Amino acid sequence: MKFRILFLLLAALFAATGAQAAPAAKAAPAAVTQGVHVPILLYHRFGPTVADGMTIKTSVFEEHLKYLKENGYTVIPLRKLVDYYLKKGPAPAPKSVVIVEDDAHKSVYSDMLPLAKKYNVPVTVFVYPSAISNAKYAMTWEQLKTLQKNGFDIQSHTFWHPNFKKDRKKMAPAEFEKSVQTQLKKSKARLEEKLGTKVDMLAWPFGIYDDYLLKRAAEAGYVATFTIEAHHAGPNDQVMKLPRYLLINADQGKSFARIVEGTAPKRNIVY
């Protein structure tokens, strides 16, 4: 009889404990935080008129910056977003946006820099060093240093902006391997030597990448690489292939707003 009473008491205690624990189990999903949803906006060059498909009028770029400011968006450094993916920092706040530029065109110095200073926004510039102080369309090393002094981050865009897809077809495997190593390592080394900066992020030329290239980039010391796949950086993206929106001059008004909101229709842009 005593054993029966003890059994009933234990059963009652177990039931009470289970009943108390049940609500906590149901509440658990509500504690899951929402993932990041950050657009990385990619620009190439600026000017008073649209000289080509990659040119955005300087006035349109300023309209973009005004829209972001007036609608409660915060432009954050690209590094802050990367640190989140590397688990070195917190998730960016809602309505965060990143601004980047590829190629180091001279209009970045003449047109983009003054507006970045005016609106106090950070910018990351992806550079292929072979053009710097060499090609007529590109900035000089001194101009890049001026950008750095004004808060710009300078990162790699390979050494001379190759088309890896075409190179793979026309080169022997050993030659292609050597070329890839040169593009990834020489760019990083030259930028670090000339600018005294930490270079560990890479934008893929023409958005071309594959598993082989991703592996070589990681081996070369890059912790994050970037594509031109047009969607927001979200919780399911990988740090070695983060997406970016390649912007064109037609991205004005509602079109730009929809890109930033993440509701823009899919489109194909000829690079």
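Of everything listed in (1) modelled with pLDDT under 95; (2) of a type outside the set (S, T, N, Q); (3) within 28 Å of Val127 (Cβ to Cβ); (4) open to solvent by less than 60 Å² (accessible area, probe 1.4 Å), the single unmet condition for Asp102 is (1).
All conditions in (1) open to solvent by less than 10 Å² (accessible area, probe 1.4 Å); (2) under 18 Å from Leu81 (Cα atoms); (3) of a type outside the set (Gly, Ala, Ser); (4) out of contact with any Asp or Glu (no Cβ under 7 Å at 6 or more places or on another chain) hold for Lys241, with the sole exception of (1).
Does the stretch 216-231 hold any residues that are in contact with a strand residue (DSSP E or B) (Cβ under 6 Å, 6 or more places away or on another chain) and either under 17 Å from Val36 (Cα atoms) or open to solvent by 40 Å² or more (accessible area, probe 1.4 Å) (or both), and which are they?
The answer is Ala224, Phe226, Ile228, Ala230.
Scoring Asn236 on the criteria (1) modelled with pLDDT of 95 or more; (2) over 30 Å from Ala174 (Cα atoms); (3) polar (S, T, N, Q) leaves a single failure, condition (1).
Name the single residue that is most open to solvent (accessible area, probe 1.4 Å) among those in the stretch 35-65 being free of Cβ contacts under 8 Å to residues at least 40 places away in the same chain and of a type outside the set (A, V, I, L, M, F, W, C). Even if it seems obvious, please write down each step before you answer.
At the first step, the residues of the stretch 35-65 found to be free of Cβ contacts under 8 Å to residues at least 40 places away in the same chain are 48-49, 51-52, 59.
Still in the list and also of a type outside the set (A, V, I, L, M, F, W, C): 48-49, 52, 59.
Values: Pro48: 116, Thr49: 91, Asp52: 59, Ser59: 63 Å².
Residue satisfying both the conditions and the ranking: Pro48.
Could you list all residues from the stretch 148-161 that are out of contact with any helix residue (DSSP H, G or I) (no Cβ under 6 Å at 6 or more places or on another chain) and open to solvent by less than 40 Å² (accessible area, probe 1.4 Å)? Residues satisfying the conditions are Phe152, Asp153, Gln155, His157.
The combined condition, being under 20 Å from Val38 (Cα atoms) and either modelled with pLDDT of 95 or more or surrounded by 15 or more Cβ atoms within 10 Å (Cβ to Cβ) (or both), is fulfilled by Lys80.
Residues of the stretch 114-132 that are outside any loop (DSSP other than H, G, I, E, B), within 27 Å of Gln183 (Cβ to Cβ) and either of a type in the set (A, V, I, L, M) or over 15 Å from the mean Cα position of the chain (by Cα) (or both): Val125, Val127, Pro129, Ser130, Ala131. Can we say Ser107 is of a type in the set (Ser, Thr, Tyr), touching a residue at least 24 places away in the same chain (Cβ under 8 Å) and in a helix (DSSP H, G or I)? Yes; evaluated as a whole, the condition is true for this residue. Look at the stretch 110-126: where a residue is without any contact (Cβ under 8 Å) to a residue 60 or more places away in the chain and a partner is among the small types (Gly, Ala, Ser) and open to solvent by less than 30 Å² (accessible area, probe 1.4 Å), sitting 6+ places away or on another chain with Cβ atoms under 8 Å, you get Pro122/Ala116; Val123/Ala116; Val125/Ala104. Kindly establish whether Arg168 is open to solvent by less than 70 Å² (accessible area, probe 1.4 Å) and in a helix (DSSP H, G or I). Judged against the criteria, Arg168 is not a match. The residues listed here are Lys186, Lys254; of these, the one that is touching a Ser or Thr at 6+ places or on another chain (Cβ under 9 Å) and open to solvent by 40 Å² or more (accessible area, probe 1.4 Å) is Lys186. Quickly run through the stretch 233-256 and pick out the residues that are hydrophobic (A, V, I, L, M, F, W, C) and part of a strand (DSSP E or B). Matches in the stretch 233-256: Ala233, Leu242, Leu246.
The values are calculated or read from the model by the stated rules, or taken from the named source; none is laboratory data. As the structure is a prediction and not an experimental result, all values here were calculated from the model. Virtual Cβ from ideal backbone geometry, glycine too; neighbours counted across all protein chains shown. Note: areas computed on protein heavy atoms with side chains; ligands, DNA, RNA excluded. Shrake-Rupley method; radii C 1.70, N 1.55, O 1.52, S 1.80 Å.
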